[in-house]
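The values are calculated or read from the model by the stated rules, or taken from the named source; none is laboratory data. Predicted, not measured: the structure shown is a model, and the values here were computed from it. Positions of Cβ are generated from backbone atoms using ideal geometry, with glycine treated the same way; all protein chains shown enter the neighbour counts.
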């Protein structure tokens with residue numbers, strides 16, 4: 001269900017109750033989707049399916065010998081001066 005922001009503000013306990021019993025509740029601002037109110041259970045499910053940055057990086061393709069050699073032979077001189 002969509003809730004205009006002012007209605008969601010005035011009836012927040014009802015928005016939360018509906019999120020728990022019916023699913024995500026969309027809050028709109030000037031007719032555009034602005035936020036979603038989720039039950040804690042839905043939020044936990046959403047987070048459980050999201051890999052961490054480390055998991056994402058480690059799941060990438062393995063380096064073959066050619067790529068490892070190219071990386072080790074790359075020019076290591078700075079490309080520009082950096083002012084700190």
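When you scan the range 51-84, how many residues do you find that are assigned to a helix (DSSP H, G or I) and either surrounded by 10 or more Cβ atoms within 10 Å (Cβ to Cβ) or at positive phi (or both)?
Qualifying residue count, the range 51-84: 5.
Identify, please: which residue in the range 32-50 is outside any helix (DSSP H, G or I) and at pLDDT 85 or above and is, among those, surrounded by the fewest Cβ atoms within 10 Å (Cβ to Cβ)? First the steps, then the outcome.
Initial filter on the range 32-50 (outside any helix (DSSP H, G or I)): 32-39, 49-50.
Going one step further and asking which of them are at pLDDT 85 or above, we end up with 32-39.
Working: 32: 6, 33: 10, 34: 14, 35: 12, 36: 13, 37: 18, 38: 16, 39: 18.
Across the range 32-50, the extreme among qualifying residues is 32.
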